[in-house]
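All remarks here apply to the structure that follows.
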Amino acid sequence: TKEIKEQELFLTDMPLMTMMGEGGVTNANLLNNLLVGTGGRYGANFFIDLEKSTFDYNGIAGEGFKRYMRWSRKDTPSLEVLRKDGPVQMHGYLFSSQDGPLFAKDLKPPEDSTKSFPYQDFDPRLKDTSPAIDKALPMPGFNDGFKGKAPDLGAFELGDELPHYGPRPDPELKK
């Protein structure tokens, strides 16, 4: 079982593409993610067979997707059609630049996909007016410390501090 919950993923072109060789995937659960891309054929492309899997309460952000999603090799032209016909993204979101900025520090997909972000410049916290606020599914024991009406999409709840990456100062050395 693979679970991807409350993450941000930034890609040039489509925000999410999953491909495999023979066979498929069982019990994959992708919930409360914020997937950001620059356009392309799909907002999310699962070019694999998925069984007993969940993809819901996710926000897909970008402009000009030709189709909203491909799930288990079936194309869906829009979020509205997917919500009507299912079986996934029944509570999903599609964000565009018209919805306003998602992130506090104007974070966006790289123009050059070969260039990496210095971690000091990477701040995936939401802007206080972000359309991704209060859109996630509450999951007891995982995101139940939310501050609004519901948890926020993505990796951080609005107002949370960024985690510290790397070594931490040893408090014993200060004595």
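We did not get these values from a lab; they are worked out from the coordinates using the rules stated. The model shown is predicted, which means the values in this text are computed figures rather than measured ones. With ideal geometry, Cβ positions are generated from the backbone for all residues, glycine too; neighbour counts draw on all protein chains shown.
Modelled label positions at N29 and S97, each set 7 Å beyond Cα in the direction of Cβ, lie 3.7 nm from each other. Taking 0.36 nm per residue of separation and subtracting the current Cα-Cα distance, fully stretching the chain between D75 and D106 would add 8.0 nm. In summary, the aspartates and glutamates within cross-link reach of K66, defined as a Cα separation below 16 angstrom excluding same-chain residues under 8 places away, comprise D13, D75, E80. A crude spin-label estimate for the pair K115 and K147, with each label 7 Å from Cα along the Cβ direction, gives 3.1 nm. Over the Cα atoms of the range 88-142, each weighted equally, I'd like the Debye log10 I(q)/I(0) at q = 0.15, 0.25, 0.26, 0.30 Å⁻¹, rounded to two decimals. Debye curve over Cα of the range 88-142, log10 I(q)/I(0) at q = 0.15, 0.25, 0.26, 0.30 Å⁻¹: -0.61, -1.08, -1.10, -1.19.
Less than 5 angstrom separates the built amide H of D49 from those of V25, all sequence-distant by 5 or more or on a different chain.
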